[in-house]
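A short write-up of the structure that comes next.
The values are calculated or read from the model by the stated rules, or taken from the named source; none is laboratory data. What you see is a predicted model; the values in this text were computed from it and never measured. Counting neighbours? That spans all protein chains shown, and the Cβs are built from the backbone with ideal geometry, glycine included. What goes into the accessible areas is simple: the full protein's heavy atoms, side chains included, and nothing from ligands, DNA or RNA. Shrake-Rupley method; radii C 1.70, N 1.55, O 1.52, S 1.80 Å.
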Amino acid sequence: MKILCACLFFVCAFAVFAHEHAVPELPKIEWSFDGFRGVFKRDQLQRGFQVYKEVCAACHGVKRVAYRNLASLGFSEAEIKSLAAVREVLDGPDAEGKMFNRPALSKDLIGSPFSNDNAARAANNGALPPDLSLIVKARTDGANYVHALLTGYEKPPEGVSVGDGQYYNRYFPGHQLAMAEPLREGAVSYSDGTVASVSQMAKDVVTFLAWTAEPEMEERKQLGVKVILYLLLMTGLFYATMRRIWSRVK
Ligand code: HEC
């Protein structure tokens with residue numbers, strides 16, 4: 001009996017806990033890269049990179065992307081060189097065995113804004129801002145999740161106290177995270193005239209992060225379509241051949 005009561009207690013406690021920490025369903029966005037004919041729009045990728053560079057890059061790296069990879073976003077070689085040149089990277093050793101700083105070149109990785117994880121934690125109240133290169137793949141329904149996270153900051157409900165250096169977010173599991181709301185209306189100014197609303201910037205940066213997570217997505221999908229067309233053609237051909245061969249059998 002005692003065991004049964006204890007079990008019941010735990011089930012109820014868990015149900016209450018799970019309910020309190022339940023994360024609402026993610027709003028579903030229509031992404032240009034969804035579906036078997038999905039593509040990345042070049043202008044949106046460039047806007048997303050701008051949001052990353054001007055806002056997120058203060059804390060998050062994209063260590064799998066080199067400056068020269070940005071050619072896929074439609075940037076010219078000269079633009080890539082000048083994007084890289086504003087950053088300093090450590091190189092060496094030189095002839096005297098010393099390491100030295102130099103402006104980044106196209107071949108360098110965009111990397112992280114911090115020299116190591118401890119420095120990143122120390123600057124962020126003990127929390128580590130994760131590298132964003134693969135974040136869209138690393139989270140369930142990643143694109144919708146990151147968009148929801150960026151637009152999901154709100155006042156904590158009555159009775160919920162938010163820890164020091166923590167912020168309340170509707171969609172973060174547990175609802176409290178160490179990242180302050182990074183996007184505010186007009187945080188960037190787009191040169192193509194697009195209005196920089198929070199939702200627009202979130203969509204743009206998520207599109208950029210979907211690209212960093214799978215830069216070869218467009219080729220993969222195009223190849224998929226070609227393979228299916230080829231298989232359909234072959235099925236037709238084999239079917240016609242079979243009918244021809246069997247037509248002689250009475
Ligand atoms: C001032 C620093 C700072 C800025 C700017 C910032 N972040 Fe963060 N971010 C953090 C920290 C710190 C965490 C870790 C939070 C935690 O685990 O509590 C984090 C976590 C995240 C996560 C992971 C959430 C999860 O599910 O674990 C994502 C995704 C993210 N940030 C995206 C972004 C994007 C996109 C931008 C730019 C629009 C951005 N961040 C700007 C500091 C920052």
Tell me, what % of the accessible area of segment 65-111 is carbon and sulfur with a 1.4 angstrom probe? 56 percent
Spelling it out for Ile110: with amide H atoms placed in the peptide plane at 1.01 Å from N, the residues 5 or more places away or on another chain with amide H under 5 Å from its amide H are Val65, Ala66, Tyr67
In whole Hz, the Karplus estimates of ³J(HN,Hα) for segment 156-171 (6.51, -1.76, 1.60; θ = phi - 60°; x where Gly or Pro) are x, x, 3, x, 9, 9, 9, x, 4, x, 10, 10, 8, 9, 4, 9
Whole-Hz couplings from phi, Karplus 6.51/-1.76/1.60, listed for segment 117-131; x for Gly and Pro: 5, 5, 5, 5, 5, 4, 7, 10, 6, x, 9, 9, x, x, 4
Rounded to the nearest 10 Å², what accessible area does His60 have for a 1.4 Å probe in the complete protein model? 20 Å²
Between Val227 and Leu105, what is the spin-label point distance in nm, taking each point 7 Å from the Cα along the Cα→C-beta axis? 3.7 nm
From the protein chains alone at 1.4 Å, what is the descending order of accessible area for Phe49, Phe100, largest first? Phe100, Phe49
Say we join alpha carbon atoms closer than 10 Å with springs in a Gaussian network model of the chain; which of Thr235, Thr151, Thr212 then has the biggest fluctuation? Thr235
Pseudo-spin-label distance Ala22 to Asn116, built 7 Å along Cα→Cβ, given in nm, is 4.5 nm
For the chain, how many pairs of lysine residues have a Cα-Cα distance under 17 Å, where the two are 8 or more positions apart or belong to different chains? 12
Pick out which of Gly111, Gly236, Gly224 has the largest mean-square fluctuation in a Gaussian network model of the chain, springs linking Cα atoms closer than 10 Å. Gly236
So which GluC sites (Glu not before Pro) in segment 198-232 are both in a DSSP loop and have at most 16 other Cβ atoms within 10 Å of their Cβ? Glu216
With the cut-off at 18 Å, report for segment 65-111 the share of all Cα pairs above it, as a whole percent. 32 percent
Can you list residues from other chains, or at least 5 along the same chain, whose modelled amide H is less than 5 Å from the amide H of Asp91? Phe100, Asn101, Arg102
For the chain, what is the mean residue ellipticity at 222 nm derived from helices alone (per DSSP H run of n ≥ 4: -39500 (n - 2.57); sum divided by total residues; nearest 500 deg cm²/dmol)? -14000 deg cm²/dmol
Which of Met201, Met99 is most accessible, then next, and so on - probe 1.4 Å: Met99, Met201
